[in-house]
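Novice: Quick one: the structure is below, and I'll ask about it shortly.
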Amino acid sequence: MALVLASAGVLAHRGATGIVKQRMDAMEAIAGAMKALRGMMRGKQPYDAERVRAYARAIATHGGEKMTALFPEGSLKHPSRAKPAIWTDWERFSATARDLAVYAGALAATASNERLSERGGGRGADAGPASRSSGSEDLAAMAPDAVFMRLQKTCSDCHRTFRTKN
């Protein structure tokens, strides 16, 4: 299975060069960390706060200005899946990149907090993007799985808005 997944990544990057390859590599690193986190959050893998912190920090390193720097205007060369909407709605794209870093950082900080599953389940309320929330202190008190849901939603929203399908 790992060979199939690795092959899929290689095929997706076939022909990618320069900044397009750099951002595809960054997205692949984020996707790998998210997959590992998802397994722990869904109980398919044992929850390990240290591993959660490590994966979350790895994701955070790709957010914010590091993310936006990977998208210079007009960098749509094949095999890029970036939509032109990135540059026509740069403010929203930048806010989403900041949110990625904020939520990933919050997940690292909350990794040892009590999880929702330990409280008897339930889903955390979504107060919206971190850059428009009332502050990081609200995130610091949250369950890590609730923060993960926000991180996952940030990724999904960005892909839906700013990335073409195959």
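Novice: If L107 meets every condition in (1) open to solvent by 20 Å² or more (accessible area, probe 1.4 Å); (2) under 24 Å from A58 (Cβ atoms); (3) at pLDDT 95 or above apart from one, which number is that one?
Specialist: Every listed condition holds for L107 apart from (1).
Novice: Select, from E50, E28, the only residue that is modelled with pLDDT of 95 or more, open to solvent by 90 Å² or more (accessible area, probe 1.4 Å) and farther than 24 Å from K153 by Cβ.
Specialist: Going through E50, E28 in turn, just one is modelled with pLDDT of 95 or more, open to solvent by 90 Å² or more (accessible area, probe 1.4 Å) and farther than 24 Å from K153 by Cβ: E50.
Novice: Moving to a separate point now. Would you pick out the residues in the range 15-31 that are small (G, A, S) and within 17 Å of A97 (Cβ to Cβ)?
Specialist: Listed by number, the residues that qualify are A26, A29, A31.
Novice: A further question on this structure: Please enumerate the residues belonging to the range 32-47 that are of a type outside the set (D, E, K, R) and either outside any helix (DSSP H, G or I) or surrounded by 14 or more Cβ atoms within 10 Å (Cβ to Cβ) (or both).
Specialist: G32, A33, M34, A36, L37, M40, M41, G43, Q45, P46, Y47
Novice: Can you name the condition, by its number, that K77 falls short on among (1) touching a helix residue (DSSP H, G or I) at 6+ places or on another chain (Cβ under 6 Å); (2) modelled with pLDDT under 95; (3) closer than 30 Å to D48 by Cα?
Specialist: Evaluating K77 over (1) touching a helix residue (DSSP H, G or I) at 6+ places or on another chain (Cβ under 6 Å); (2) modelled with pLDDT under 95; (3) closer than 30 Å to D48 by Cα leaves (3) as the failure.
The values are calculated or read from the model by the stated rules, or taken from the named source; none is laboratory data. Quick caveat: nothing in here was measured; it's all calculated off a predicted structure. No Cβ is skipped: glycine too gets one built from the backbone with ideal geometry, and neighbour counts run over all protein chains shown. These area figures cover heavy atoms from the full protein model, side chains too; ligands, DNA and RNA do not enter into them. Shrake-Rupley method; radii C 1.70, N 1.55, O 1.52, S 1.80 Å.
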